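The structure under discussion appears below in the form of structure tokens.
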Amino acid sequence: MKKTNLISTLAGAAAGCINGLFGAGGGMVLVPILNTSNAFSAEEIFSSSIAIILPICMVSLLTGSGGNLPWQDAWPFLAGGIPGGLLAGLLGKRIPTVWLHRFLGAMILYGGFRYLC
């Protein structure tokens, strides 16, 4: 196996473990690795991360829920999350990548601080 394939496989395994344990967060593993791999442009990193994380999230959902999916609890979040994702996807193309990185970093720090306190 080539070194790049091995690194990609290990990064995917790490993202899957983080995502499976915490229900989210696999992208925090993937984004820095995709950034250092030089295989993706700055504009492609986030969309590539999402494309990788989506199937991982589905596996985590199906295995972690034991088949008991709480759709009645999820619908109110999806009603706002889907239009929000569409809007952010359209606006994100107009925001400089450096500001998206800074915002993501700030959100990660904020979330970490909230979990610690």
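The values are calculated or read from the model by the stated rules, or taken from the named source; none is laboratory data. What you see is a predicted model, and the numbers here were worked out from it, not measured in a lab. FYI the Cβ positions are ideal-geometry reconstructions off the backbone, even for glycines, and counts take in every protein chain you see.
A few notes on this one:
- The residues of the stretch 3-19 that are touching a Ser or Thr at 6+ places or on another chain (Cβ under 9 Å) and surrounded by fewer than 18 Cβ atoms within 10 Å (Cβ to Cβ), listed by number, are Thr4, Ile7.
- Scanning the stretch 40-51 for residues that are more than 22 Å from Gly111 (Cα to Cα) and in contact (Cβ under 8 Å) with a residue 12 or more places away in the chain returns Ala42, Glu43, Ser48.
- In the stretch 64-97, the residues that are under 30 Å from Asn35 (Cα atoms), in the same structural domain as Ala42 (by TED's automatic domain parsing) and without any contact (Cβ under 8 Å) to a residue 40 or more places away in the chain: none
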